[in-house]
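The values are calculated or read from the model by the stated rules, or taken from the named source; none is laboratory data. Computed from a prediction, not measured in an experiment: that's the story for all the values here. Cβ placement follows ideal geometry from the backbone for every residue including glycine, while neighbour counts extend to all protein chains displayed.
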Amino acid sequence: MSTLLQPVIHILNMLLSALQGFTHDWGIAVILLTLLIRASLFLLNLRMAKQQVRQARIQPQLAQLRKKYASDTSKLSEEMMKLYNRYGIKPLSTIVVSLIQAPIFLSLYQLFISHGSTMTSEIIPWVASLGQLDPMHIVPISGAVITFISMLIPLTSEMAIAGSLLQRAGLPLLMVGIFGAVMWWSPVAVCLYSATSSLFALMERGFYRTSFGKRLILEGMPEMAGPK
């Protein structure tokens, strides 16, 4: 796996070293690198957000289809695909960003495991090097909390109405549990990357709730209609 990731690791190492040369602090360099990566993925995240909103908007129609064709799964699948095509929904497109970020995360993990012991930062003074675990677990806990909050905030008011707070908190709680378990035993540099990425995601959510952000998400959105 590390051999396959070597080109990505090399590029990230060059970028991180350049940012450290500018800031003279590895922790700040990690934060800036994270922001750079997240900013470069903004358009993909926007497309994913549009897909999520469209999927949320057709839930009432999907419920009607499931009720209508409860005893005919093949017909149900056919009608669901028609509905997806009508509103430009591509179910698998919502995981594209995650698939892109996975090799980046794994590459950074390898990078920090290999070279983290030589990286220090004044913004995390309680850790001797960024290759060590956070003994106080401040960074991983902060990242988990930010992740939970960002996932809890709906992209639109319609998505907030779609389910109760308890229902909407289910997946975020599961994700935070997984996130917390991984970060608890990861180098603090990885935790810093993940926490910064989660903070960027939270800011994105806030942006999508603004009038300009709403216009971007709803741009090109087909008018909703009942299923035929």
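Before moving on, here are some points about what is shown:
- Of all residues in the range 202-216, those that are of a type outside the set (A, V, I, L, M, F, W, C) have Cβ atoms under 6 Å from Cβ atoms of residues that are at pLDDT 90 or above and part of a helix (DSSP H, G or I), 6 or more apart or on another chain, in 213/207.
- Residues that are surrounded by 13 or more Cβ atoms within 10 Å (Cβ to Cβ), without any contact (Cβ under 8 Å) to a residue 40 or more places away in the chain and part of a helix (DSSP H, G or I), drawn from the range 83-93: 84
- For the range 111-130, residues that are modelled with pLDDT of 90 or more and crowded, with 18+ Cβ neighbours inside 10 Å total 8.
- Filter result (of a type in the set (S, T, N, Q) and not in a helix (DSSP H, G or I)) within the range 25-76: 71
- Any hit, the range 3-19, residues being part of a helix (DSSP H, G or I), over 15 Å from residue 104 (Cα atoms) and not hydroxyl-bearing (Ser, Thr, Tyr): yes
- Flag for residue 75 being exposed (fewer than 13 other Cβ atoms within 10 Å of the Cβ), farther than 30 Å from residue 127 by Cβ and of a type outside the set (Phe, Trp, Tyr): yes
- Residue that is modelled with the lowest pLDDT [pool: residues in the range 8-19 that are surrounded by fewer than 18 Cβ atoms within 10 Å (Cβ to Cβ) and more than 23 Å from the chain's Cα centre (by Cα)]: 10
- Matching entry among 47, 86, 54, 66 (being in contact with a Phe, Trp or Tyr (Cβ under 6 Å, 6 or more places away or on another chain) and not aliphatic (A, V, I, L, M)): 54
- Listed by first and then second residue, the pairs with beta-carbon distance under 6 Å, at least 6 apart or on different chains, first residue in the range 138-151 and closer than 17 Å to residue 124 by Cβ, second in a helix (DSSP H, G or I) and of a type in the set (Lys, Arg), form an empty list.
- No other residue among 65, 33 is more than 17 Å from the chain's Cα centre (by Cα), buried (at least 17 other Cβ atoms within 10 Å of the Cβ) and not basic (Lys, Arg) apart from 65.
- Count - residues of the range 120-144 that are within 19 Å of residue 35 (Cα to Cα) and either in a helix (DSSP H, G or I) or in contact with a Ser or Thr (Cβ under 7 Å, 6 or more places away or on another chain) (or both): 6
- Conditions (1) over 26 Å from the mean Cα position of the chain (by Cα); (2) within 20 Å of residue 193 (Cα to Cα); (3) not hydrophobic (A, V, I, L, M, F, W, C): number failed by residue 116: (1)
- Test for residue 198: is it under 30 Å from residue 20 (Cα atoms) and either at pLDDT below 75 or outside any helix (DSSP H, G or I) (or both): no
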